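Asks: If you scroll down you'll find the structure; I have some questions about it.
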Amino acid sequence: MTRCLVGVVRNAMRDASPSHRSDFDHVVECSRSHIELYFYCQYDCHDNEMLDLMDNALRRFHTSKAVSQQFRAGQQLAAEAEEIHMELCAERDTELNSEVNKKKTAALRQRIHDGWKRIIDAEMAKYIEDGSDFNFRMIHRMQHFQDHIQRYGSRNQWSTEIEECFHRKQIKDGFNASNKTSNYCTQMINYYLRSDAFAVRKANCDTLNRK
């Protein structure tokens with residue numbers, strides 16, 4: 001799925017308007033650099049050239065990530081932005097409904113409305129951008145990847161994917177096989193003891209059959 005992401009992003013933005021082309025190019029570059037960094041980290045061994053490629057991918061990601069900063073707004077910031085949006089809309093409606101503007105033609109009133117729309121959109125984008133950031137752990141950790149690899153070796157040996165993959169086998173299957181009463185923990189342990197015993201017995205039988 002990750003391998004197809006850049007192609008999907010590029011295909012989704014193939015008909016971008018000239019005014020949005022720059023933003024779309026930054027989205028594609030941000031996605032590409034992030035995926036490159038991810039794949040570089042999956043290597044079993046790294047030399048200096050590979051570490052330089054990782055550093056380059058990380059630098060490109062930080063350069064282009066600002067295009068998605070407006071979507072980093074939290075709930076409180078979004079609520080504050082909505083209040084400001086309502087206030088600006090109220091000011092717009094007050095101006096449009098004034099005695100002076102009521103006498104203007106529909107075309108002039110539409111021009112005033114369009115001008116307000118540009119002002120509101122610009123104010124909202126600036127407010128959200130100023131109040132949002134990328135200061136969270138997952139982004140911060142990426143800048144330590146290169147140093148950790150140099151000190152401790154490939155990151156694959158520290159991956160949590162193995163434990164996550166075994167979560168279903170170690171927890172969910174045993175719980176589903178229990179009657180889900182108060183002593184389900186004991187039932188889960190017995191389930192795995194029996195499962196392991198059958199697995200060992202099957203392995204022994206397979207070995208004897210091959211002989």
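The values are calculated or read from the model by the stated rules, or taken from the named source; none is laboratory data. Just so it is clear, the structure is predicted and the values come from calculations on it, not from any experiment. Here the Cβ positions follow ideal geometry from the backbone for every residue, glycine too, while neighbour counts run over all protein chains shown. In case anyone asks, the SASA skips ligands and DNA or RNA and just uses the protein heavy atoms, side chains included. Shrake-Rupley method; radii C 1.70, N 1.55, O 1.52, S 1.80 Å.
Asks: Give me the mean projected area, in nm² to one decimal, of the convex hull enclosing the Cα positions of segment 170-211.
Replies: 3.0
Asks: Only four residue types carry charge here, +1 at the Cβ of Lys and Arg and -1 at the Cβ of Asp and Glu. Report the dipole size of segment 23-125 about the Cα centre in Debye, rounded to the nearest 20.
Replies: Here segment 23-125 has a charge dipole of around 780 debye.
Asks: Let me ask something else about it. Peptides 40-47, 96-103, 57-64: what's the order by average Cβ count within 10 Å, highest mean first?
Replies: Numbers: 40-47: 13.9, 96-103: 10.1, 57-64: 17.0.
In decreasing order of mean packing, 40-47, 96-103, 57-64 become 57-64, 40-47, 96-103.
Asks: Just how many pairs of Lys in the chain have C-alpha atoms closer than 24 Å, counting pairs that are eight or more places apart or on different chains?
Replies: Lysine pairs meeting both conditions in the chain amount to 10.
Asks: Leaving out ligands, DNA and RNA, and with a 1.4 Å probe, what % of the accessible surface on the chain is carbon or sulfur?
Replies: Heavy-atom surface of the chain belonging to carbon and sulfur, 1.4 Å probe: 54 percent.
Asks: In sequence order, what are the phi-derived ³J(HN,Hα) couplings for segment 39-55 according to the Karplus relation 6.51 cos²θ - 1.76 cosθ + 1.60 with θ = phi - 60°, rounded to whole Hz, with x for glycine and proline?
Replies: Rounded to whole hertz, the list is 6, 4, 5, 7, 5, 6, 9, 9, 9, 5, 5, 5, 5, 5, 5, 4, 5.
Asks: Determine the calculated [θ] at 222 nm for the chain from helices alone, applying -39500 (n - 2.57) to every DSSP H run no shorter than 4 residues and normalising by the residue count; nearest 500 deg cm²/dmol.
Replies: Rounded to the nearest 500, it is -23000 deg cm²/dmol.
Asks: Taking the Cα atoms of segment 109-211, what is the range of coordinates along each of the three principal axes, in descending order and whole Å?
Replies: 88, 46, 30
Asks: Oh, and also: Can you work out the base-10 log of I(q)/I(0) for segment 41-142 at q = 0.23, 0.24 1/Å, using the Debye formula on its C-alpha atoms alone?
Replies: Here log10 of I(q) over I(0) equals -1.15, -1.20.
Asks: What per residue convex hull volume, in Å³, comes out for the chain when only alpha-carbon positions are used?
Replies: Once divided by residue count, the hull of the chain is 267 Å³.
Asks: Can you compute the charge dipole magnitude of the chain about its Cα centre, using +1 on each Lys and Arg Cβ and -1 on each Asp and Glu Cβ, nothing else charged? Give it in debye, rounded to the nearest 20.
Replies: Value, rounded to 20: 1060 debye.
Asks: Sticking with this one: Residues with beta-carbon under 12 Å from that of residue 145, excluding residue 145: net charge, scoring Lys, Arg +1 and Asp, Glu -1?
Replies: Around residue 145, the charge tally is +1.
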